[in-house]
Structure formats: structure tokens, C-alpha cells
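The values are calculated or read from the model by the stated rules, or taken from the named source; none is laboratory data. Source: prediction; values computed, not measured. Using ideal geometry, Cβ is built from the backbone for each residue, glycine included, and neighbour counts are taken over all protein chains shown. Side chains included, ligands, DNA and RNA excluded: accessible areas come from the protein's heavy atoms. Shrake-Rupley method; radii C 1.70, N 1.55, O 1.52, S 1.80 Å.
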Amino acid sequence: RHPFAVASSKLRLQNWLWVDAATTLLEQKHLVDDYLQPHVEMISSVSDPFEMHVLLWSIMNMVPLLQLPESSLHVVTYEGLCRTPTEELKGLADWLGWDSTVLEDPRIESAVRRPSRTVRSDSAIQIASDPVTSWFEQVTADMRDRGLKILESFGLGDLYDQDGLPDPTAIRRFRMSA
């Protein structure tokens, strides 16, 4: 899910089990040695809550993208599940070697589009708003600029386009540049 959507959601809900200070990650010596050393100064200096969530998102996405070999990694995006669920799930099924013809059943897409039992009444899916882009209303241009600087410092600045949609080739470029 787009890092700004995640950060916006974390700020709004504030009751998720989620690390709320990236500095706690600096206590993990191997994590720092293997992945975070170039970012220690930024991790230590971020105090704004929105920026903190973008920073945490960056770390939580950068590490597996760098750590896992290509053969052990298939990326499924929230945006893909929302916009083109059948195609997103077919890609996953194919990658896993599963029979994806079951996904042709229209009941599958219907089930994927059905809100969960825990969905909040103000959720984008409940108020007929686009769940992929509804965060645009809560994130100011200044917040986007500050968040983008963090993403860029981790090499993740181009994972999403200006419309908030993932760029499928950006992950491959990121992994090759590391």
C-alpha cells in the first residue's frame, strides 16, 4: 500500500500494533549493519509522526526487497487488489504454481471486493470513495514533499507514480541498483 496512505491511516486510527519509533529498530545490530547504517542519521532525527510512519514503511519494505532473492519474492499490491483483483491474484497463483482458473469464477472477485467485518464506518470502501486514492484528501502537498524525501533517501521514491499507483518496474530497478 502506498506509504502515504499507510501513514495517513496510522495517524487517523492510532490503535494499530505498529512500531511507533524507528529508533527502536536501531537496537537490532544485524539490521543496522546489514541495511540501516546509511540511514541511521535520518532514523535518529525524524520526529514528525507522519514522517515517522513513512520512515517505518520504508524500512519495512526495503529490507525484504533487498533480503529476499528474486525467486522468493512476489509483490502483491493493495492498489492491484483494489483495482484489478483477479489479475493480481492470478499473478500470485501463477507464481505459486497454483491453478489460477478458479479465479475466473465471478464469486471470487465479489468476495475480494466485499468489505471485511472489521471495516470502519468511515472507511473509503464504506463511503463509496476510492480506497486507492482516498488518502490524497488527508495528506497535504507539504506532507507529500517531506515523505518523498524520506522515500528517496531509501531509494524508494519512484515505487509509486503521481497518481498513487505502483510502478511495476520500479521494484526491479530498486533491487538491481542495490
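Looking across segment 136-158, the residues that are within 19 Å of residue 36 (Cα to Cα) and not hydroxyl-bearing (Ser, Thr, Tyr) come down to 147, 148, 149, 150, 151, 152, 154, 155, 156, 157.
Among all residue pairs at least 6 apart or on different chains, which show Cβ distances below 6 Å where the first residue, located in segment 6-34, is in contact (Cβ under 8 Å) with a residue 60 or more places away in the chain and the second is of a type in the set (A, V, I, L, M)? Listed pairs, sorted by first residue: 7/54; 8/139. Among the residues that make up segment 68-80, is at least one of them open to solvent by less than 50 Å² (accessible area, probe 1.4 Å) and in contact with a Lys or Arg (Cβ under 6 Å, 6 or more places away or on another chain)? Scanning segment 68-80, I find no residue that is open to solvent by less than 50 Å² (accessible area, probe 1.4 Å) and in contact with a Lys or Arg (Cβ under 6 Å, 6 or more places away or on another chain), so the answer is no. A residue that is in a helix (DSSP H, G or I), loosely packed, with under 13 Cβ neighbours inside 10 Å and of a type in the set (S, T, N, Q) can be found somewhere in segment 15-35. All conditions in (1) part of a loop (DSSP other than H, G, I, E, B); (2) in contact (Cβ under 8 Å) with a residue 24 or more places away in the chain hold for residue 59, with the sole exception of (1).
The residues on offer are 164, 155, and the sole one that is in contact (Cβ under 8 Å) with a residue 40 or more places away in the chain, within 17 Å of residue 64 (Cα to Cα) and in a loop (DSSP other than H, G, I, E, B) is 155. Can you confirm whether segment 137-148 contains a residue that is out of contact with any helix residue (DSSP H, G or I) (no Cβ under 7 Å at 6 or more places or on another chain), surrounded by 13 or more Cβ atoms within 10 Å (Cβ to Cβ) and at pLDDT 95 or above? Looking for residues that are out of contact with any helix residue (DSSP H, G or I) (no Cβ under 7 Å at 6 or more places or on another chain), surrounded by 13 or more Cβ atoms within 10 Å (Cβ to Cβ) and at pLDDT 95 or above, one finds at least one in segment 137-148, hence yes.
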